[in-house]
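Heads up, the thing below is written out as structure tokens.
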Amino acid sequence: VIDTENDTVVAEIKAGDKPRGLAASIDGKTLYVSDQPNNALVKIDLEQRIAAGTIDLGESPEGVYRSPDGLWVTVAVEGDNSVHFISTASGKREFQVKTQGTNPEHAVFSPDNKWVYVSAEEAEDVDIIDVAARRQVAAVKVGKRPRGIGFTPDGKLAYVACELANQVHVIDTASRKVVAVIPAGVRANGVVV
């Protein structure tokens, strides 16, 4: 835990054996952390700063993301090529969606909560999940090894870092087509908008 006013570590919280991705609940009381070697999602009570339970997942969970409305947390699970959806209300895994891309790492909600864009290490596409339908509905071709994804606040564009292409691909979300390719540094990975 870092105090951002003076950039100092003020606490450490045990979050499994190899924490990979994390997302905070919308009320800031719970932190969800993927624990890769234990195939679990650890729920951290942020007020007490302790682990408060786990949710079993498939092999090798990676990226963790919260929906903008706070109702869902997604976890990209590499071992079974799927995205698991955890209800923040029940604290349980409600469903999972298989992806076309293998070894998914990121599963990011669009600002309107309707879509989840999924990038995978061994893919050259971004898979698109319709949250209400609970299935993949499209895939958009991008550069080699797509990783981090960030949406503009209006949800009209999604920026995708393509690690082995050293590029960021810009997807028009209405047409589901790449509308720009931006040169990036070597091994482009994370994206924040």
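Computed quantities for the displayed model
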read-out	value
Of residues in region 2-17 being over 10 Å from I44 (Cβ atoms) and among the hydrophobic types (A, V, I, L, M, F, W, C), the one least open to solvent (accessible area, probe 1.4 Å)	A11
Residue match in region 165-173 (condition: modelled with pLDDT of 95 or more, in contact with a His (Cβ under 6 Å, 6 or more places away or on another chain) and not charged (D, E, K, R))	no
Counted residues, region 67-92 - those being in contact with a Phe, Trp or Tyr (Cβ under 9 Å, 6 or more places away or on another chain) and of a type in the set (A, V, I, L, M, F, W, C)	6
Filter result for A188 (farther than 15 Å from A76 by Cα and modelled with pLDDT under 95)	yes
Test: residue in region 63-70 that is assigned to a loop (DSSP other than H, G, I, E, B), over 13 Å from the mean Cα position of the chain (by Cα) and surrounded by 18 or more Cβ atoms within 10 Å (Cβ to Cβ)	no
Which numbered condition Q96 misses (of (1) of a type in the set (S, T, N, Q); (2) part of a loop (DSSP other than H, G, I, E, B); (3) at pLDDT 95 or above)	(2)
Residues (over 17 Å from the mean Cα position of the chain (by Cα) and of a type in the set (K, R)) located in region 138-193	K141, K144, K156, R176, K177, R187
First in region 153-182 and under 21 Å from G101 (Cβ atoms) and of a type in the set (D, E), second anywhere and open to solvent by 30 Å² or more (accessible area, probe 1.4 Å) and in a strand (DSSP E or B), Cβ under 8 Å, 6 or more apart	D172/L157; D172/V178; D172/V179
Selected residue (criterion: nearest to V179 (Cα to Cα)) from residues of region 100-153 that are out of contact with any Leu (no Cβ under 7 Å at 6 or more places or on another chain) and basic (K, R)	K141
Selection count where residues are open to solvent by less than 20 Å² (accessible area, probe 1.4 Å) and under 14 Å from A120 (Cα atoms), scope region 73-96	5
The one condition in (1) open to solvent by 90 Å² or more (accessible area, probe 1.4 Å); (2) assigned to a strand (DSSP E or B) that I149 fails to fulfil	(1)
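The values are calculated or read from the model by the stated rules, or taken from the named source; none is laboratory data. Note that this is a predicted model, so its numbers are computed, not measured. So basically every Cβ, Gly included, is an ideal-geometry build from the backbone, and we count neighbours across all protein chains shown. Each accessible area value is taken on the protein alone, full model and side chains, heavy atoms only, with ligands, DNA and RNA left out. Shrake-Rupley method; radii C 1.70, N 1.55, O 1.52, S 1.80 Å.
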